[in-house]
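The values are calculated or read from the model by the stated rules, or taken from the named source; none is laboratory data. Computed from a prediction, not measured in an experiment: that's the story for all the values here. In this analysis, Cβ positions are derived from the backbone assuming ideal geometry, glycine residues included, and neighbour counts consider all displayed protein chains. Calculation scope for accessible area: heavy atoms of the full protein, side chains included, ligands and nucleic acids excluded. Shrake-Rupley method; radii C 1.70, N 1.55, O 1.52, S 1.80 Å.
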Amino acid sequence: MLLAQTAFETRMLLRNGEQLLLTVVIPTVLLVLFSAVDIVAVEGPGKRVDFLAPGLLALAVMSTAFTGQAIATGFERRYGVLKRLGASPLPRWTLLTAKTGCVLVTEALQVALLSVIALALGWSPQGDPLTVAALLALGTAAFSGLGLLMAGTLKAEATLAAANLVFILLLLAGGVVVPLSKFPAAVQSVLELLPIAALSDGLRSVLQTGAGVPWADLGILTAWAVLGLAAAARFFRWE
């Protein structure tokens, strides 16, 4: 049942044009565009793509685990899909686990695609793959919790607007393509606490400079994951 529902959720996501735009097209276009054209200043050693690739991997996680999942789940809730599935022989924990599995499958495809493109552009990743995997896993948990919280508490139209707005704001102010050092010091200290900033900064410190485990970034992501998932479990409404 779990595998069947996970496969179904994944097929539905990949058939959705808006979801593909968020999860595949936008990160890919940004990676190619900003790597080729000197539009924004980058920091650190190596080529432009060495700075941009980790941030866009973080953006891919956010687009799938937060934006895409929030919008899809919000409209499923509005149209009564969640209510009907919740009353079916499919246990609710199986449904939520299947949604998580769908997110992980999609993210694996995203990471593979973006990595291939970045490598073709001259990316030279450094660091420990296990640390990268831990950052991606915690980032997924954090954004999934926030996405489910939004989808389970707001109306579908409000979720659609809010999720897209948050996506754009965090793309611009989350350290994805613009270094946080470009912002004023007072603003920078606040932005560093955002999950997208912690994920992109952690990935960049490992993949760009070959640094060790970014404990501070892992701590921020863990806190967001715990708070987001706990709030989603407490306040999520199935109808």
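Calculate the spin-label point distance for Trp215 paired with Ala162, positioning each point 7 Å from the Cα along the beta-carbon direction, and give it in nanometres.
The modelled label-to-label distance comes out at 3.5 nm.
Extension gain Arg237-Glu43, at 0.36 nm per residue separation less the Cα-Cα distance, in nm?
Computed gain between Arg237 and Glu43 is 65.5 nm.
Within region 1-140, what whole-number % of the accessible surface is contributed by carbon and sulfur, with the 1.4 Å probe and all protein chains included in the calculation?
Its accessible area is 71 percent carbon and sulfur atoms.
Give me the distance in nm between label points sitting 7 Å out from Cα along the Cα-to-Cβ direction at Val25 and Thr153, one decimal.
It is 3.1 nm.
Among 144-153, 199-208, how do they line up by average Cβ neighbours within 10 Å per residue, starting with the highest?
Packing proxy ranking, top to bottom: 199-208, 144-153.
Post the alpha-carbon centroid distance, region 164-194 to region 96-149, in whole angstrom.
Using only Cα atoms, the two centres lie 20 Å from each other.
Consider a paramagnetic label point 7 Å from the Cα of Val190 along Cα→Cβ; state which residues of region 196-239 have an amide N under 14 Å from it.
none
Return the label of the correct value of mean projected area of the Cα convex hull in nm², as calculated from the structure shown, out of (i) 16.8; (ii) 11.6; (iii) 12.4.
Computed from the coordinates, mean projected area of the Cα convex hull in nm² corresponds to (iii).
Nearest 10 degrees is fine. How inclined is helix 215-235 to the longest principal axis of the chain, computing both from alpha carbons?
It is inclined by approximately 20 degrees.
Would you please give the residues with an amide H less than 5 Å from that of Lys47, counting only those at least 5 places away or on a separate chain, with H modeled from the backbone geometry?
none
Setting aside same-chain residues fewer than 8 positions from Lys99, which lysines have a Cα under 28 Å from its Cα?
Candidates past the 8-residue exclusion: Lys83, Lys155.
For Met150, what is the net charge nearby, where nearby means another residue's Cβ is under 15 Å from its Cβ and Lys, Arg count +1, Asp, Glu -1?
Summing Lys/Arg as +1 and Asp/Glu as -1 gives +4.
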